[in-house]
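This report concerns only the one structure given below.
The values are calculated or read from the model by the stated rules, or taken from the named source; none is laboratory data. Here the structure is a predicted model, which is why all the values come from computation and not from measurement. Virtual Cβ from ideal backbone geometry, glycine too; neighbours counted across all protein chains shown. Surface accessibility is based on the protein's heavy atoms, side chains included, excluding ligands, DNA and RNA. Shrake-Rupley method; radii C 1.70, N 1.55, O 1.52, S 1.80 Å.
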Amino acid sequence: MFMTDRLLEIYQRSRGGEFMKEVEYDLKLSRRVQELIQEYEITYDPGLVCPSDDAMADRVFEAGLQLLVDVGAYHLDTQRVMKFSKAEVLDALRQAPDSIRLGEGRDMVVAKHRGVEDPNPPLNLTGPAGQACSEEYYLPNLISYAQEPYVHAIESGATLTFNGYDIMAGTLMEVMAVQRDAATAREAVRRVGKPGMHIGDAATGMTAVGKMAASEPRNGLRPCDGRLVAQMCELKTDDDQLNRVPHLLNYGSHIINLMTPLTGGVGGGPRGVAIVSVAETLFGVMAYHATYHYLSITHIKRANNSDPWGMYVLSMAGQAMSRNSHIVWTDDPFCVSGPVTDELLYEVAGHAMLGSVCGYTQHGVGATGGFEPDHHSGLEAGFQGEVGIAATRSGITREKANEIALALLEKYADTFDEPKRGKPFQEAYDVKSVKPTQEWQDCYRRVKEELTALGLEFTEGPWD
Amino acid sequence: MSDEKVPKKFKDELSKSIAGGEVAAAEEVTRKAISEGVDPLALIQEVIVPTLTEVGRRFSELEIFLPELMAAGQAGNACSEVVEGALLQSGEDMQSRGSIVLGTVNGDIHDIGKNIVSSLFQAHGYKVVDVGKDVSAADFIDAAEKNKADIIGASALMSITRAGCREVADLLRELGLEEKYHFIIGGGSTDQNYANEIGADGYAETAAGAVELANSLLGE
């Protein structure tokens, strides 16, 4: 199907599909997921968060494809179900890019599809991951990410205020805040000598108008940058999300399909959410023309994915898409603890290693479950990149990744109920020099030593 | 001798069908029980509320997942409507612990958290007026006035939408209604500091916490 034809089809189906109340759709999706778990014999063992079962990975892909074909995707404004045939989905998947150029000039990087246990290290496209940021620390905070040697692109945060005033979505305040934040990101990459570095989003923008306001090639986001187009949980979209697609296509920009499947949510437990994750990826291919995909698995209570459920979904959905497609797929660690704690780095390390082994490019990092403003910094993001590289350098297999991930889990599992929220950026760093405090650097060195003992071979890092 | 007014056969059957999210079966048992002379209010107090409370507990422990919670909530609502209909016919009124208007604020379409809060409030015997998502300050207040609510609960997940909570608080003051309703907030972008800043009557981090907060505000 031609690109414009597919957009028109999406529109038509969002208007002419079956009318259904949202709660009915949720229950239908939930029931079908449970059936597919049985039909495709998907198993879960909390002691095996990273299975090495290729056949099961393929079945997860087939189940996800079947889910999308059977229940379709839901349009929240029209309350209609958009259905697609298997052939249409696979046709769109074949047309999706297998490698993409992010950024421009000497700072451009090429993100390629990654295989399971791929020897090539993942790129690290990272940043505050949409978490809440104070406007006064936003520039040094972004610099803390962009300056890291193992960070290849920056994402963005969501600032809380504009000149001290609350930002209201859908108003001129949103537009002005997005313009300011896009320019701040541009300034951050310029300050660290990487002016062409890819900028992944303008997360303060929540509406289509806000997102589109970032498109400005001199001071804002360029075609070599990107914008998120999100799905609501689960497999839902609306006109506001879809409106971004033709704009971004016309601007020549990267479209990033953001998925936040909930473990414990409509997809149920880890097996169901792995299936839902595949279905949402395929819907992003189909409806959003995504150049790359962003899986942010979210625990329904804690908003993290560093628990065994999150690890399993990451591993199984990753292997399923890696083995059955050629797309570029990213994931992000969302953790319960915050900066200046060893536990945050344990959580990041487990996720980064599993993601690297299971075919992902890296995204993130989320700390404190996103609950505490400013509790995120470049150190843990750069550390994620180092772990991803170390996993490939060390030839970590899925079996070994499972073993290390479970060993790390033991070190932080007790923080799920009592998270160590740590310190905000302005206390974790000297905000003038943008250097981590000695205390935060000590955490980094200590955890790297422990990971080395567990079998990860690191090179010299910026804070060693 | 037991003080319970609902015979065991109805109690077990109704509880099972609500917990299992079987709407039609739950409605049928409710009708049958009422037709055989069971006190409708006793069905609420002895079966529907305790069953939904247990379902809520199991969800908070993640022994069950969101779909089961939603389905049980739907079945419980359907039974409550049958009971309400029977009470109306007999000229009685259904007593609730309190009435709360719930919604997500202007611009915010993320309503999963709000839906969980709604289920737990119903499980604890509250009448919930769910005004949905992306709700303006004026619509929150209209719904509260129309339904004679005790509490207005506003949810905002995204930092860029939390200003919608402030709009509700400001409008309540502007209309001189701040003493008439308890205004509480929740959602990922809010916290106690923000509640204090905008002059809300309370903030809860979790769904269970929201129920406790409401109980406390209503003097229980």
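With the solvent-accessible surface defined on protein heavy atoms using a 1.4 Å probe, which residues belonging to region A:134-173 display a reduction of at least 20 Å² in accessible area in the multichain context relative to the isolated chain?
Buried on complex formation: A:Leu160, A:Asp166, A:Ile167, A:Met168, A:Ala169.
So what J values fall out for region A:339-356 if you push phi through Karplus, 6.51 cos²θ - 1.76 cosθ + 1.60 with θ = phi - 60°, rounded to Hz, Gly and Pro as x?
After applying 6.51 cos²θ - 1.76 cosθ + 1.60, I find x, 6, 9, 5, 4, 4, 6, 4, 4, 4, 4, x, 5, 4, 5, 5, x, 4 Hz.
In peptide B:162-170, how many Cβ atoms from other protein chains are near each Cβ within 10 Å, on average? It would help to have the intermediate numbers written out before the result.
Details: counts 6, 10, 3, 1, 2, 2, 0, 0, 0.
Mean shielding count: 3.
Over all residues in B:150-160, what is the mean tally of Cβ atoms on other chains that come within 10 Å of each residue's Cβ? Write out the running numbers ahead of the final one.
Working: counts 0, 0, 0, 0, 0, 0, 1, 2, 8, 17, 20.
Taking all residues of B:150-160 together, the mean is 4.
Tally Lys and Arg at +1 and Asp and Glu at -1 over the other residues with C-beta under 12 Å from the C-beta of A:Ala153: what net charge comes out?
Working: positive: A:Arg101, A:Lys194; negative: A:Glu104, A:Asp107, A:Glu148, A:Glu155, A:Asp201, A:Asp225.
Computed value for this residue: -4.
Using Cα pairs closer than 8 Å and at least 6 residues apart in sequence, work out the relative contact order for region A:101-231, in percent. Intermediate values should be presented prior to the final figure.
Values: 239 pairs, mean separation 36.0, N = 131.
It rounds to 27 percent for region A:101-231.
Pop out the ³J(HN,Hα) list for region A:191-207 in order, Karplus 6.51 cos²θ - 1.76 cosθ + 1.60 with θ = phi - 60°, rounded to Hz; leave Gly and Pro as x.
Coupling constants for region A:191-207: 4, 9, x, 10, x, x, 4, 4, 10, x, 5, 10, 6, 5, x, 10, 9 Hz.
Under a crude label model (7 Å from the Cα following the beta-carbon direction), how far is A:Thr437 from A:Thr397 in nanometres?
Inter-label distance under the simple model: 4.4 nm.
Using θ = phi - 60° and the Karplus relation 6.51 cos²θ - 1.76 cosθ + 1.60, list the HN-Hα couplings for region A:290-304 in order, rounded to whole Hz, with x at every Gly or Pro.
Per-residue couplings from phi come out as 5, 7, 8, 10, 9, 9, 10, 5, 10, 5, 5, 9, 9, 6, 10 Hz.
Can you tell me the accessible area per residue over the protein assembly as shown, all protein chains present, probe 1.4 angstrom, in square angstrom?
Values: 25210 Å² over 684 residues.
Normalised by residue count, the accessible surface of the protein assembly as shown is 37 Å².
Please express the shape of the protein assembly as shown as an equivalent ellipsoid: the semi-axes are the square roots of 5 times the eigenvalues of the C-alpha gyration tensor, given largest first in whole angstrom. It would help to have the intermediate numbers written out before the result.
Numbers: eigenvalues 344, 159, 124 Å².
They are 41, 28, 25 Å, listed largest first.
What FRET efficiency, computed as 1/(1 + (r/R0)^6) with R0 = 45 Å and r the Cβ-Cβ distance, is obtained for A:Arg190 and A:Asp58, rounded to the nearest 0.05? Write down the numbers at each step before the final one.
Values: r = 45 Å, r/R0 = 1.00.
So the FRET efficiency works out to roughly 0.50.
How many partner chain Cβ atoms sit within 10 Å of a residue's Cβ in peptide A:23-32, on average, as a whole number? Write out the running numbers ahead of the final one.
Numbers: counts 6, 1, 0, 6, 6, 1, 1, 6, 2, 0.
Averaged over the peptide's residues, the number is 3.
Please compare each pair in A:Lys211/A:Lys301; A:Lys21/B:Lys127; A:Lys236/B:Lys133; A:Lys86/A:Lys112; A:Lys21/B:Lys114; A:Lys301/B:Lys114 to a cut-off of 20 Å on the Cα-Cα distance and tell me which ones are over it.
Working: A:Lys211/A:Lys301 28 Å; A:Lys21/B:Lys127 22 Å; A:Lys236/B:Lys133 15 Å; A:Lys86/A:Lys112 25 Å; A:Lys21/B:Lys114 17 Å; A:Lys301/B:Lys114 13 Å.
In this structure, A:Lys211/A:Lys301; A:Lys21/B:Lys127; A:Lys86/A:Lys112 exceed 20 Å between Cα atoms.
What lysines could a cross-link reach from B:Lys5, if we take a straight Cα to Cα line under 17 Å and drop same-chain neighbours fewer than 8 places away?
B:Lys5 reaches B:Lys32.
Leaving out ligands, DNA and RNA, calculate the buried accessible area for the pair B and A with a 1.4 Å probe, summed over both sides, in Å² to the nearest 100.
Numbers: alone 11230 and 16370 Å², together 25210 Å².
By this definition, chains B and A bury close to 2400 Å².
Which value results for Rg/Rh of region A:22-168 when Rg is the Cα radius of gyration and Rh the Kirkwood radius based on the inverse mean 1/r?
On the way: Rg = 21.0 Å, Rh = 19.8 Å.
Rg/Rh for region A:22-168 comes to 1.06.
Taking Rh as the Kirkwood radius computed over C-alpha pairs, what is the Stokes-Einstein D of region A:255-378 at 10 °C in a medium of viscosity 1.306 mPa s, expressed in µm² per second? Numbers along the way, then the final one.
Details: Rh = 14.2 Å.
Using the Kirkwood radius from Cα pairs, D works out to 112 µm²/s.
Near A:Pro122, within a Cβ-to-Cβ distance under 14 Å, what is the net charge of the other residues, with Lys and Arg +1 and Asp and Glu -1?
Values: positive: A:Lys112, A:Arg114, A:Arg393; negative: A:Glu117, A:Asp118, A:Asp331, A:Asp332, A:Glu386.
Summing Lys and Arg as +1 and Asp and Glu as -1 gives -2.
Counting only DSSP beta bridges with both residues in the protein assembly as shown, tell me the antiparallel percent, nearest 5. Before the final figure, lay out the partial values.
Numbers: 16 of 61 bridges.
Beta bridges within the protein assembly as shown, antiparallel portion: roughly 25 percent.
State the extension gain, in nm to one decimal, for the chain segment bounded by B:Lys146 and B:Glu54, taking 0.36 nm per residue of separation less the distance between their alpha-carbons. All intermediate terms of the calculation are to be shown ahead of the outcome.
On the way: separation 92, 0.36 × 92 = 33.12 nm, distance 3.12 nm.
Result for the pair: 30.0 nm of gain on full extension.
On each of the three principal axes of the Cα atoms of region B:126-177, give max minus min coordinate, whole Å, ordered largest first.
Each principal axis gives a Cα extent; for region B:126-177 these are 30, 24, 15 Å.
Round to a whole number: what % of the accessible area of the protein assembly as shown belongs to carbon and sulfur, probe 1.4 Å? Let's see the in-between values first.
Values: 12520 of 25210 Å².
Of all accessible area on the protein assembly as shown, carbon and sulfur atoms account for 50 percent.
Just read off the accessible area of A:Met311 with the full protein assembly in place, 1.4 Å probe, to the nearest 10 Å².
10 Å²
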